[in-house]
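Below is one structure, written out as structure tokens; the observations come after it.
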Amino acid sequence: MSRASRISQVFMSPNITVPDISRFVHLNEVAPDRYEEAGFGGSANVFTGKYTREDGHVLKVAVKCIRPKSTDESEEVSKDKINKKVARELSIWQTLNGGRHIVELLGVFCGIKSIPSLVSELCPWNLQEYLERKTPRPKHIKMLTDILCGLDYMHCGLPSGPIAHGDMKLGNILVTPDETAKLCDFGRSHKRGDPRGEVSHSSVLAGTVRYMSPELFDSNLHGPTPAADMWAYGCIALEVMCRIPPYHETADDLEIIRLITNGQPPSDRPKGARASLVNDGLWSALASCWVKYDRRPTPQECLGQILSMMESGDIPASPVLPDLFPGPEGGSIEQWPDEIPDLKTHLELEEGIGTIASSVRANVWM
């Protein structure tokens, strides 16, 4: 019997057809009815499993299962809402499937309470985890360019028109074993032709507040936009290169919203050690993402700036030690102390004199 004939069901909704691969997917069980988790999001659990392909190859997979909301709705109404949410994300994801910097969608799995779950390739890290890795060293600039390639594909590379991601952040960027960054989680994405009610203003605000651009707080907004994705990209670049989250001065979402709507950028240019990877050109490219929406660069324009700086040697393509920039352990990150002066404009290294001491973390020069 052929593999095609054994895939007896197909998950169908308007405009999409995705294979139901439930019979060929096995979740990694850690206890009766308990499965190994790869992640936990705001509206879904992600479990690990194995998928046996047609050629017999066994692939490690992630299975995203949407959680029912805790409401007084009947089970039937709740399940219907989940099915619609899954169908919408599948429609967008399938449109994007095949992009080099898009996490691969493999099919659906209906083995958890008959609720369709999304099956995709399993990546070892999200971007936050990857940046915290000690060895091998993370490839910071490659992550920035990979993300831009993914956004360029979403915004400009589709015959059907642009798709805005709608929830760009470190947790929604995965990194493969060969260190390729890929975009995932398209539950809040918006494509041309979506009905006005398809992405409500409340669901736009359900995104991660720190990464949101000022126009997203406009109640007349139809949905997430490519320009809003680029604002969030600037925030991601800030974290990748400086290990500083946007609006790191506060943990209060309401205060962050006030700062955003009052025109405060996600960060001033860092000083001290956290600024050592960011020269004038790279900071200019990053900060250009935080101007008014109609003046922000496209992914291709931003990518061109970074590649030009790499070709001229203005920024290195090589990795750097991640522990130079320790990630946040919770709460706000302390600013570089004002009482410690930055002497970079006053110091010159003497010719002919090299390092007088060297360790894993630092060199001492005369």
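The values are calculated or read from the model by the stated rules, or taken from the named source; none is laboratory data. Bear in mind the structure is a predicted one, so any value in this text is a computation, not a measurement. Using ideal geometry, Cβ is built from the backbone for each residue, glycine included, and neighbour counts are taken over all protein chains shown.
Table: residues versus (1) crowded, with 18+ Cβ neighbours inside 10 Å; (2) on the phi > 0 side of the Ramachandran plot; (3) of a type in the set (Gly, Ala, Ser); (4) not assigned by TED's automatic domain parsing to the domain that holds Tyr153.
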site	(1), (2), (3), (4)
Asp218	no, no, no, no
Pro224	yes, no, no, no
Trp231	yes, no, no, no
Gly234	yes, no, yes, no
Ala237	yes, no, yes, no
Val240	yes, no, no, no
query = In segment 68-80, which residues are in a loop (DSSP other than H, G, I, E, B) and either touching a strand residue (DSSP E or B) at 6+ places or on another chain (Cβ under 9 Å) or among the acidic types (Asp, Glu) (or both)?
reply = Pro68, Asp72, Glu73
task = With respect to Gly49, determine if the residue is modelled with pLDDT of 85 or more and on the phi > 0 side of the Ramachandran plot.
result = no
task = Having 2 or more residues that are within 15 Å of the chain's Cα centre (by Cα) and within 25 Å of Thr298 (Cβ to Cβ) is the bar; report the strands (runs of 3 or more DSSP E) wholly within segment 92-180 that clear it.
result = 173-175
query = Can you tell me which residues in segment 45-67 are in contact (Cβ under 8 Å) with a residue 40 or more places away in the chain, in a loop (DSSP other than H, G, I, E, B) and within 24 Å of Asp194 (Cβ to Cβ)?
reply = none
ask   = So how many residues does segment 261-317 have that are at pLDDT 95 or above and of a type in the set (Val, Ile, Thr)?
value = 4
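For segment 48-68, what are the residues that are surrounded by 20 or more Cβ atoms within 10 Å (Cβ to Cβ) and not hydroxyl-bearing (Ser, Thr, Tyr)?
Quick first cut of segment 48-68, residues surrounded by 20 or more Cβ atoms within 10 Å (Cβ to Cβ) only: 49, 51, 61-66.
Matches in segment 48-68: Gly49, Val61, Ala62, Val63, Lys64, Cys65, Ile66.
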Flag for Ile82 being assigned by TED's automatic domain parsing to the domain that holds Phe40, under 21 Å from Lys169 (Cα atoms) and not acidic (Asp, Glu) = no
query = Within segment 223-307, which helices (runs of 4 or more DSSP H) (wholly inside it) include 3 or more residues that are in contact (Cβ under 8 Å) with a residue 60 or more places away in the chain?
reply = 226-242
query = So which residues in segment 89-145 are among the charged types (D, E, K, R) and at negative phi?
reply = Glu89, Arg100, Glu104, Glu121, Glu129, Glu132, Arg133, Lys134, Arg137, Lys139, Lys142
ask   = Inside segment 9-33, can you point out the residues that are of a type in the set (Asp, Glu) and either at pLDDT 90 or above or assigned to a strand (DSSP E or B) (or both)?
value = Asp20, Glu29
note = Filter segment 170-207 for residues that are at positive phi and touching a Gly at 6+ places or on another chain (Cβ under 9 Å); the one that is modelled with the lowest pLDDT is Gly193
query = Within segment 34-44, is there a residue that is touching a Phe, Trp or Tyr at 6+ places or on another chain (Cβ under 8 Å) and either β-branched (Val, Ile, Thr) or in a helix (DSSP H, G or I) (or both)?
reply = no
note = Of those in segment 111-155 that are without any contact (Cβ under 8 Å) to a residue 60 or more places away in the chain and of a type in the set (Asp, Glu), the residue surrounded by the fewest Cβ atoms within 10 Å (Cβ to Cβ) is Glu129
